[in-house]
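Chemist: Below you will find the structure I want to go over with you.
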Amino acid sequence: MSDAIRIFSHAISMVFRDFGATLRATSVGVALVALSVVALIASAPASFGTLITQSFDTDAVIPNVGLVVAAFLLMAIGYLTMVAAWHRYVLLPQDQRSGGFTPSAGIVLGYLGRSILLGLLMMLLAIPVFIPVGIIAAATNSVLVSAIASIPAIAILIWVFLRLSLILPACTIHHDMKVRASWDATKELSGTIAMLTIIMALADFLINQVLGLLPSASILGGVVSVVISVLYALVSASVLTTLYGIAVEGRDV
C-alpha cells in the first residue's frame, strides 16, 4: 500500500508543485477545453451546467444541438491534446524538448486509437466479469446486494486497464508499445497497481461527492466541474506516466 500511496502522491505533486509549468506544457489542450466551454455557454447558456454535469432531463430539448455536439468534440480533442502533452512533458529527455510538448495530430490520433482499443478490450472483459454480478442480482433481487457485488468486478476492470494502459504514454514519445508488452512490464507492479485501483476509486468517489454539492443547473457549477475534471485528468495521466517511468524506464518515484 505504501508504494501505491507514494505513486499517487507523486502524481498529485507532479501537477501542482510547479503549476505554472503544468499550464505551459498543456496550454494548447487547456485552451481548447476552455474554448469549448465558452462555445457551450454561448450556444446553450440555460443548459450549460446540466450538460456538463449530465444531470439534465433526457426529455428536455437542447437548443443548437449541432453547436453543442461540435463543442463537446472540441472538448474531447482538448482533453486528448492536454493529456498527451503532459505525458510528453514528463517523459521526453532534455535533449528532445526543443520542439515543445504539444503533440502532433498523429500523436493525438494515435492516443485516441489506443484509448478506443483499451475501451473495447474492457468491454469484452466486462462480459465474463459481470456474469456473476448478474446472477447475484437475479437471485437476490436487491439493488444494494447488486451494487456491493459489482465493486470487485469494477476493481478488476480498473486493475486490468491500468496494467494495459502504458501504451498511452508510450505512444506520445513514439514508443510503439503493444498491449502485451504493457501487461508484461507491469507484472512486478501488479500488487501496487491493485492498491492504486482502490486509492483512485476512493478519490473518484470523493470528487463525485464534491461535484454533487455544486449547483448543477448553474454556469458556475458547470465551469467548476470542468476545472476539477481537468485537474483530475492530469493527475490520472501522471499516475500512468509514473507507472511507465518505473516499469519501462526504470525510474524511481
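Chemist: Based on this model, can you work out whether Ile62 counts as open to solvent by less than 60 Å² (accessible area, probe 1.4 Å) and modelled with pLDDT under 95?
Modeler: So Ile62 passes the test.
Chemist: Output the number of residues of the range 96-112 satisfying the condition of being outside any loop (DSSP other than H, G, I, E, B), surrounded by 11 or more Cβ atoms within 10 Å (Cβ to Cβ) and not hydroxyl-bearing (Ser, Thr, Tyr).
Modeler: Here the count works out to 6.
Chemist: If a residue must be open to solvent by 70 Å² or more (accessible area, probe 1.4 Å), closer than 22 Å to Thr81 by Cβ and not β-branched (Val, Ile, Thr), how many such residues does the range 113-138 contain?
Modeler: Matching residues across the range 113-138 total 1.
Chemist: Here's another thing I want to ask about it. Which of the numbered conditions does Ala44 fail, given that it passes all the others? Conditions: (1) at negative phi; (2) loosely packed, with under 13 Cβ neighbours inside 10 Å; (3) modelled with pLDDT under 90.
Modeler: (2)
The values are calculated or read from the model by the stated rules, or taken from the named source; none is laboratory data. Predicted model, so just to flag it, every value in this text is computed and none were measured. Because the Cβ atoms are built from the backbone with ideal geometry, glycine has one as well, and the counts that use them run over all protein chains shown. Surface accessibility is based on the protein's heavy atoms, side chains included, excluding ligands, DNA and RNA. Shrake-Rupley method; radii C 1.70, N 1.55, O 1.52, S 1.80 Å.
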